[in-house]
1. Once Rh for segment 39-139 is found with the Kirkwood sum over Cα pairs, what is the Stokes-Einstein diffusion coefficient at 20 °C and 1.002 mPa s, in µm²/s?
2. For 52, 68, what ranking results if the residue with the fewest other Cβ atoms within 10 Å of its Cβ goes first?
3. Please rank 50, 8, fewest neighbouring Cβ atoms within 10 Å first, as an exposure proxy.
4. Using only alpha carbon pairs under 8 Å that are at least six residues apart, calculate the relative contact order of segment 1-115 and give it in whole percent.
5. Based on the mean of other Cβ atoms within 10 Å per residue, sort peptides 95-107, 158-170, 129-141, 75-87 so the most packed one is first.
6. Grab the Cα-Cα distance for residue 148 and residue 87, subtract it from 0.36 nm times how many residues apart they are, and report the gain in nm with one decimal.
7. Let's test this: bin the Cα-Cα distances of segment 166-207 at 5 Å from zero up to the farthest pair and state each bin's percent.
8. Computed over the Cα atoms of segment 13-95, what is the convex hull's projected area averaged over all directions, in nm²?
């Protein structure tokens, strides 16, 4: 069965078609516009669709997608049945994208530190199909913008350019501080996680994964870039929820049949 997964982030919308855990193709759009999805859906004819959103309300967008797929889009929520355990003190506040990435990570590694480098940088530990918790900090562009916005003289700098160990002017000082700071944060978290879980793997996903990977490697840490981690997890959650609903339906039918048989026996008596 082919499943369309839709990951609505802070800056972009990613649609992917999976079949049996294998990514077939992905598209990326900048806004909640269903039109680019129509030829994509027509080409692959998914049997179902699931979406997670980190903040924006995708109501009308998902209605249009559902009409094209031929059935309503499943929306991941904190009430959705999950194929993983969540050991988090406040599960109702856990980001849905973090849940999906954790579900995908469990298919890749038994022990994983999942780093999603996007608008925010999240570092989550997933061990033996259980989400244990993690950290959240500002992403790369957010750090650059914050330094410019909340100071009177620091310029807005991008990640493009020289990144020395120590900056030799204001621009390189900001760039080195932001990029090396994020990399050090990731490497430090990974090394701490390895003390508890010696076989843990570093899974790197998100829009800045490709940019950060070579800098992480300089510290002797080799991340596994897993671009489709959230989508892979969404497919897994969709199939699990569908199976759960089927089992519930079957249980209800059996219960109704048993009740009918009991009433029949009562009438015979």
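1. Details: Rh = 15.0 Å.
Once the numbers are plugged in, D ends up at 143 µm²/s.
2. Details: 52 27, 68 18.
Listing 52, 68 from fewest to most nearby Cβ atoms yields 68, 52.
3. Working: 50 26, 8 21.
Ascending number of Cβ neighbours within 10 Å: 8, 50.
4. On the way: 160 pairs, mean separation 24.9, N = 115.
Taking the mean separation of contacting Cα pairs over the length of segment 1-115, I get 22 percent.
5. On the way: 95-107: 24.8, 158-170: 11.4, 129-141: 17.1, 75-87: 15.3.
Ranked by mean Cβ neighbours within 10 Å, highest first: 95-107, 129-141, 75-87, 158-170.
6. Numbers: separation 61, 0.36 × 61 = 21.96 nm, distance 3.76 nm.
My answer for the length gained is 18.2 nm.
7. 6, 21, 18, 18, 13, 12, 8, 4, 0
8. Projected over every direction and averaged, the Cα hull of segment 13-95 covers 6.2 nm².
The numbers here are math on the coordinates, done by the rules we state, and not lab data. Given the structure is predicted, the values throughout are model-derived calculations rather than measurements. Note that we place each Cβ from the backbone using ideal geometry, even for glycine, and neighbour counts take in every protein chain shown.
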